[in-house]
Amino acid sequence: MKRYDLIVIGAGPAGLSAATEAASHGLRVAVFDENARPGGQLFKQIHKFFGSKEHKAKIRGYDIGRELLKEAESLGVEVFLNAPVIGLYAEKEVVARHADGVRHYKGDTVIVATGASENMLTFEGWTLPGVMGAGAAQTMMNINRVTPGERVLMLGSGNVGLVVGYQLIQAGCELVAIIDAAPRVGGYGVHAAKVARTGVPFYLSHTVVRAEGTDRVTGVTIGEVDASWQIIAGSEKHFDVDTICIAVGLSPSTQLLKMAGADMAEPAAGAGFLPVCSATGETSISGLYASGDVSGIEEASSAMIEGRISGVAAAGKLGFADAETVETRLNALETALSALHEGLFAPRNRGKSVPLTDEGIDNSQHLLKNGYLADDEVAKYPGVKRVSGVHPIIECTQNIPCNPCQDACPKQCIKVGANIVALPVFDETSACIGCGQCVAACSGQSIFLVNDDIGDNLASVTIPYEFLPLPEKGDVGTALDRSGTPICAATVTDVRAAKAFDHTSLLTFSVPRDEYMRARFWKKGAAV
């Protein structure tokens, strides 16, 4: 039986972070994962992460995965792939299945970072080919390079549904609608807004009535639900689709922790059982830790920090790091984690309606119910100022943990301050040079450069653009407003791409001067 100082089960963001943190303190670490490649969900994440520079903000998920892998390899971490762990016992004995048979290992400490699995929703026809989890669709697109369908309905408006919905559009699918039984958009408003401005409608307080078809999905009927979650008679709507994606939450994969005998508790929300853990992730079994989504569903940024917390705790427990070193490192990590746990989406606000931002501004109910800001709401936010010449319009309206725009601006036109969840402020006393760094850096794609007067009673709008093929200078298309409604003709005046923009192109188009505060997307073809 081979022995390690630390065995990590799961090579996702939490597991790899735990392994690299522990190895950096001198532990001999092994990581086991059932997949053919390490990285967990990170290699499916083609979008840019939120947070600060310390949280790897504005870096795409797959690049974060590569960074973690490189760091782990440099520290001598042994990674066993295609090696599902099929047994975990209280004495921290690990049983893994390999191609040549089953092997037993012993860890002085063990960190379980097995993540979570997708929830499914049952309805008439839910077993038809074409009904799938949003994560499965994301794997098809971003790992296997296969589109899951041509016309897709997304069920679920949390961050997973919104992010995958946008990626479906990027992959060339037609996203016919995003629906959710909840009365409000569940994910970040900026994610909803970038989907809505492409023309995708949102149907809140709606769910699937039935999937239609015999041997595959050929259509779907949805219906509005009342306060008791019952379908309202006569509210049914039909869509011709070949794919239904389901994004209705995740369930922690706690089977191994239960097998080991760790104490479990049911959270107040009733979402299954979670391990009882200390602040460092240690379970009721000494030296056995739970980290990442297996201990409670959060964003990948939080999972990476939690992994490092458990990794340094394991180092301290085994004497590889003295108490002072451990305390200093834990304090820094807990401070970083606390920053991600503030704002509108803080754990304490889950399921609650928060009427005001931290700055005392009304939270947009139109955004929550329709997926986009109403025209008369935009000006009340501190990132939106109407001044002459080129300047950013920052339509970031919720207190979410993110500040790459502040770091990106070379002229310090954009200020977030020390509080990472504060709304970004446009400082009109600073001279914007129109470099577009803020547009490209914004993880939520909520910053636009405008110039209110380029001559001939025209204005220009620069938007983040992540679709192929790229338009060319001189192309005439249609400007869409925040709801995705065509408003006027728009001519492409510039297309900029740079290594620093990291695959986000800056598309500039001209519109009549009285439309520049409304035009937020460009679409090829004339307005209908």
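The values are calculated or read from the model by the stated rules, or taken from the named source; none is laboratory data. Not measured: the values here are computed from a predicted model. Because the Cβ atoms are built from the backbone with ideal geometry, glycine has one as well, and the counts that use them run over all protein chains shown. The protein model used for the area step is the full one, side chains on, heavy atoms only, and it has no ligands, DNA or RNA in it. Shrake-Rupley method; radii C 1.70, N 1.55, O 1.52, S 1.80 Å.
Observations, loosely collected:
- Counting only residues that are among the β-branched types (Val, Ile, Thr) and either closer than 15 Å to VAL112 by Cβ or touching a Gly at 6+ places or on another chain (Cβ under 6 Å) (or both), the stretch 60-91 holds 2 of them.
- Count of the stretch 321-354 residues which are exposed (fewer than 14 other Cβ atoms within 10 Å of the Cβ), of a type in the set (Gly, Ala, Ser), assigned to a loop (DSSP other than H, G, I, E, B) and more than 20 Å from the chain's Cα centre (by Cα): 1
- Here GLY444, GLY417 are screened, and the one residue that is open to solvent by 20 Å² or more (accessible area, probe 1.4 Å) and in contact with a helix residue (DSSP H, G or I) (Cβ under 9 Å, 6 or more places away or on another chain) is GLY417.
- Single match in GLU282, GLU298, GLU212 (criterion: modelled with pLDDT under 95 and surrounded by 15 or more Cβ atoms within 10 Å (Cβ to Cβ)): GLU298
- Any hit, the stretch 199-222, residues being part of a loop (DSSP other than H, G, I, E, B), free of Cβ contacts under 8 Å to residues at least 12 places away in the same chain and at positive phi: no
Table: residues versus (1) of a type in the set (Phe, Trp, Tyr); (2) more than 18 Å from the chain's Cα centre (by Cα).
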residue: VAL163; (1), (2): no, no
residue: TYR166; (1), (2): yes, no
residue: ILE169; (1), (2): no, no
residue: CYS173; (1), (2): no, yes
residue: ALA181; (1), (2): no, yes
residue: GLY187; (1), (2): no, no
residue: HIS191; (1), (2): no, no
residue: VAL200; (1), (2): no, yes
residue: SER205; (1), (2): no, yes
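- Residues of the stretch 223-251 satisfying the condition of being modelled with pLDDT of 95 or more and within 26 Å of the chain's Cα centre (by Cα): VAL241, ASP242, THR243, ILE244, CYS245, ILE246, ALA247, VAL248
- Taking the stretch 115-144 as the range and being touching a residue at least 60 places away in the same chain (Cβ under 8 Å), assigned to a loop (DSSP other than H, G, I, E, B) and not hydrophobic (A, V, I, L, M, F, W, C) as the test, the residues that pass are GLY115, ASN119, GLY125, PRO129, GLY130.
- Checked against (1) within 30 Å of THR109 (Cβ to Cβ); (2) buried (at least 21 other Cβ atoms within 10 Å of the Cβ); (3) in contact with a helix residue (DSSP H, G or I) (Cβ under 7 Å, 6 or more places away or on another chain), ALA262 meets all criteria but (3).
- Any hit, the stretch 141-153, residues being farther than 30 Å from LEU257 by Cβ, hydroxyl-bearing (Ser, Thr, Tyr) and open to solvent by 30 Å² or more (accessible area, probe 1.4 Å): yes
- Scope the stretch 422-433; condition modelled with pLDDT of 95 or more and either under 21 Å from the mean Cα position of the chain (by Cα) or of a type in the set (Gly, Ala, Ser) (or both); matching residues: ALA422, LEU423, PRO424
- Qualifying residue in the stretch 356-364 (condition: part of a helix (DSSP H, G or I), under 20 Å from ASN419 (Cα atoms) and either in contact (Cβ under 8 Å) with a residue 24 or more places away in the chain or not aliphatic (A, V, I, L, M) (or both)): no
- One residue stands out among those in the stretch 368-425 that are part of a loop (DSSP other than H, G, I, E, B) and small (Gly, Ala, Ser): the one that is nearest to ASN451 (Cα to Cα), which is GLY389.
- If you filter the stretch 232-247 down to residues that are without any contact (Cβ under 8 Å) to a residue 40 or more places away in the chain and open to solvent by less than 70 Å² (accessible area, probe 1.4 Å), you find that the one that is nearest to VAL152 (Cα to Cα) is LYS237.
- Some residue of the stretch 167-178 being in contact with a helix residue (DSSP H, G or I) (Cβ under 7 Å, 6 or more places away or on another chain), open to solvent by 10 Å² or more (accessible area, probe 1.4 Å) and not in a strand (DSSP E or B): yes
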